[in-house]
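The values are calculated or read from the model by the stated rules, or taken from the named source; none is laboratory data. Keep in mind that this is a model prediction, so the values were computed, not measured. Every residue, glycine as well, gets a Cβ built from its backbone with ideal geometry; the counts of neighbours run over all protein chains shown.
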């Protein structure tokens with residue numbers, strides 16, 4: 001646990017005050033203006049946050065080596081634009097209702113969600129950092145379908161509390177991913193829903209396998225596979241995507257995934273985890289500018305493999 005010193009606590013209070021100010025200003029603006037301001041914040045972050053930009057560039061070079069630099073730059077700029085839009089939408093969460101949220105995000109494949117709930121063994125949402133991903137669980141909860149989401153607490157506890165308060169306004173529940181197994185299993189036994197973001201790097205001690213992702217071996221959490229294979233819960237791919245023609249977000253549900261249980265537990269976990277990565281990869285390739293390229297996805301490397309990042 002990080003040591004809390006007076007200077008750290010002071011920095012945390014400043015960050016908290018800044019976060020509240022930004023969220024308050026964006027919430028006070030008409031939605032269109034707020035999204036424009038959010039896009040501006042994303043643009044400034046692109047130019048000022050050199051480290052994030054370098055990570056994004058490196059990821060795009062690794063995944064799309066044959067694409068022109070201008071095309072990779074356009075994808076990365078899109079990532080920052082979507083982050084700015086997400087900030088604007090997130091700021092408006094306290095003002096959303098079942099009626100107003102329909103002006104922001106619509107269902108796509110709702111019948112697949114209904115099918116997943118018929119098992120009575122709970123639902124595991126397979127999801128990733130696409131577009132305004134916070135909108136997915138929030139809007140679904142506003143419509144009466146709360147979800148427990150695995151959450152890695154932020155370094156700043158004040159900001160962490162603020163963010164989770166917004167996320168949980170309509171009944172969602174944050175579950176600390178560092179000690180989540182018992183809580184997740186209990187919720188699935190009750191037939192509840194749990195959301196797991198599957199597209200981030202994990203460390204060996206966190207329970208992982210190396211599974212192919214976008215052409216590279218990626219350290220991937222095995223948690224979702226283990227929960228699904230142990231409980232029989234439905235695994236439902238769920239992604240938030242911006243629809244330019246519609247002018248709204250889509251909360252997309254794909255059909256529940258079929259997992260194979262051969263009796264070889266670790267092999268089954270590895271196969272399911274690889275399948276989950278394939279699903280996420282298919283969306284990244286279709287909507288590259290909507291994925292979060294600024295995360296060091298391949299930071300953990302297989303034994304003997306050189307590091308891929310210098311930042």
Check: Any chance region 127-140 includes a residue that's touching a strand residue (DSSP E or B) at 6+ places or on another chain (Cβ under 7 Å), buried (at least 17 other Cβ atoms within 10 Å of the Cβ) and either farther than 27 Å from residue 247 by Cα or modelled with pLDDT under 95 (or both)?
Finding: no
Checklist line | Residues within region 248-260 that are touching a helix residue (DSSP H, G or I) at 6+ places or on another chain (Cβ under 9 Å) and closer than 19 Å to residue 139 by Cβ, tallied | finding: 6
Note to self: Tell me yes or no: at least one residue of region 152-164 is surrounded by 15 or more Cβ atoms within 10 Å (Cβ to Cβ), closer than 25 Å to residue 83 by Cβ and touching a strand residue (DSSP E or B) at 6+ places or on another chain (Cβ under 6 Å).
What the structure shows: yes
Margin query: Which numbered condition in (1) in a helix (DSSP H, G or I); (2) without any contact (Cβ under 8 Å) to a residue 24 or more places away in the chain is the only one that residue 4 fails?
Written below: (1)
Check: Do we find a residue being under 15 Å from residue 126 (Cα atoms) and assigned to a loop (DSSP other than H, G, I, E, B) anywhere in region 157-175?
Finding: no
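Just to check your reading of the model, which residue among 21, 86, 62 is in contact (Cβ under 8 Å) with a residue 12 or more places away in the chain, part of a helix (DSSP H, G or I) and over 22 Å from residue 242 (Cα atoms)? Steps first, please.
Details: 21 fails: in contact (Cβ under 8 Å) with a residue 12 or more places away in the chain; 86 fails: over 22 Å from residue 242 (Cα atoms).
Being in contact (Cβ under 8 Å) with a residue 12 or more places away in the chain, part of a helix (DSSP H, G or I) and over 22 Å from residue 242 (Cα atoms) holds for just one of 21, 86, 62, which is 62.
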Notebook entry, point to check: What are the residue pairs meeting all of these: first residue in region 28-49, first residue in contact (Cβ under 8 Å) with a residue 40 or more places away in the chain, second residue outside any helix (DSSP H, G or I), Cβ atoms under 8 Å, and 6 or more apart or on different chains?
Noted result: 31/92; 31/104; 34/92; 37/29
Next item on the list: Tell me which residues, restricted to region 182-207, are exposed (fewer than 15 other Cβ atoms within 10 Å of the Cβ) and either in a strand (DSSP E or B) or in contact (Cβ under 8 Å) with a residue 40 or more places away in the chain (or both).
Entry: 189, 190, 191, 203, 204
Notebook entry, point to check: Would you pick out the residues in region 182-205 that are farther than 25 Å from residue 115 by Cα and in contact with a strand residue (DSSP E or B) (Cβ under 6 Å, 6 or more places away or on another chain)?
Noted result: 201, 202
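Can you work out which of the residues in region 208-247 that are in contact with a helix residue (DSSP H, G or I) (Cβ under 7 Å, 6 or more places away or on another chain) and closer than 30 Å to residue 35 by Cα is surrounded by the fewest Cβ atoms within 10 Å (Cβ to Cβ)?
Of all residues in region 208-247, those in contact with a helix residue (DSSP H, G or I) (Cβ under 7 Å, 6 or more places away or on another chain) come to 209, 211-216, 218, 220-222, 224-229, 231, 233-242.
Those left that are additionally closer than 30 Å to residue 35 by Cα: 236-242.
Working: 236: 23, 237: 23, 238: 27, 239: 26, 240: 27, 241: 19, 242: 22.
Selected residue: 241.
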Notebook entry, point to check: Cβ-Cβ below 6 Å, separation at least six or inter-chain, first residue in region 275-302 and more than 16 Å from residue 73 (Cα to Cα), second in a helix (DSSP H, G or I): which pairs?
Noted result: 296/55
